[in-house]
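Colleague: The following block contains the structure, expressed as structure tokens.
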Amino acid sequence: MPSDAYQRHFLQPHGQGSLPDASHSATVTDPACGDELALDLRVEGGAVQEVRFRVRGCSGAIAAASALATLLPGRPAEAEAVTREEIDAELGGVPAAKRHVLRLATRALAAALQGSSSRM
């Protein structure tokens, strides 16, 4: 059963929506399951100031994107600014069947900072 933190991020996601003044954006798709994560970032002075996302996918994809949006602001605009392990910890542990969403979130971050969309 998912943790309380996982359920909170799924039911009340942080940063859901689009960011019209985004400086960096990307959409990533996991072809194995079809989850899609569109990530918008506003970067200023080398740090991420604001994060918004849109997800078409499972509860885990929504929860992972919400955790990323919670953890990322104020961090350096680097692909490694938030790790899979940090997202997992923020969510109180991701169930084994949903662990692919950790990769989806970190791939979206890397793609946004590189200014590209990709498939995993």
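Colleague: Among the residues of region 35-52 satisfying the criterion of being outside any loop (DSSP other than H, G, I, E, B) and out of contact with any Leu (no Cβ under 9 Å at 6 or more places or on another chain), which is surrounded by the most Cβ atoms within 10 Å (Cβ to Cβ)?
Modeller: Per the criteria, the residue is 38.
Colleague: Any residue at all in region 53-65 that is in contact with a helix residue (DSSP H, G or I) (Cβ under 8 Å, 6 or more places away or on another chain), modelled with pLDDT of 95 or more and assigned to a strand (DSSP E or B)?
Modeller: For region 53-65, residues in contact with a helix residue (DSSP H, G or I) (Cβ under 8 Å, 6 or more places away or on another chain), modelled with pLDDT of 95 or more and assigned to a strand (DSSP E or B): present.
Colleague: Does residue 103 meet the test of being in contact (Cβ under 8 Å) with a residue 12 or more places away in the chain, of a type outside the set (A, V, I, L, M, F, W, C) and farther than 28 Å from residue 1 by Cβ?
Modeller: Taking the combined requirement at face value, the residue does not satisfy it.
Colleague: Which numbered condition in (1) among the small types (Gly, Ala, Ser); (2) surrounded by fewer than 17 Cβ atoms within 10 Å (Cβ to Cβ); (3) modelled with pLDDT of 95 or more is the only one that residue 32 fails?
Modeller: Failing condition for residue 32: (3).
Colleague: If residue 103 satisfies every condition in (1) at positive phi; (2) at pLDDT 95 or above; (3) of a type outside the set (A, V, I, L, M, F, W, C) but one, which is the exception?
Modeller: The single condition residue 103 does not satisfy is (1).
Colleague: Give all pairs with beta carbons closer than 9 Å in which a residue from region 5-16 that is at negative phi meets a residue that is of a type in the set (Lys, Arg); count only pairs at least 6 apart in sequence or on separate chains.
Modeller: Filtered contacts from region 5-16: 6/98; 16/52; 16/54.
Colleague: With the condition kept exactly as written, say whether any residue in region 85-94 is touching a Lys or Arg at 6+ places or on another chain (Cβ under 6 Å), buried (at least 19 other Cβ atoms within 10 Å of the Cβ), at pLDDT 95 or above and of a type outside the set (Ser, Thr, Tyr).
Modeller: Within region 85-94, not a single residue is touching a Lys or Arg at 6+ places or on another chain (Cβ under 6 Å), buried (at least 19 other Cβ atoms within 10 Å of the Cβ), at pLDDT 95 or above and of a type outside the set (Ser, Thr, Tyr).
Colleague: Go through region 66-97 residue by residue and tally those that are outside any loop (DSSP other than H, G, I, E, B), touching a strand residue (DSSP E or B) at 6+ places or on another chain (Cβ under 8 Å) and not polar (S, T, N, Q).
Modeller: The total comes to 3.
The values are calculated or read from the model by the stated rules, or taken from the named source; none is laboratory data. Computed from a predicted model, the values in this text were never measured in an experiment. Reconstructed Cβ throughout: ideal geometry from the backbone, glycine too, with neighbour counts over all protein chains shown.
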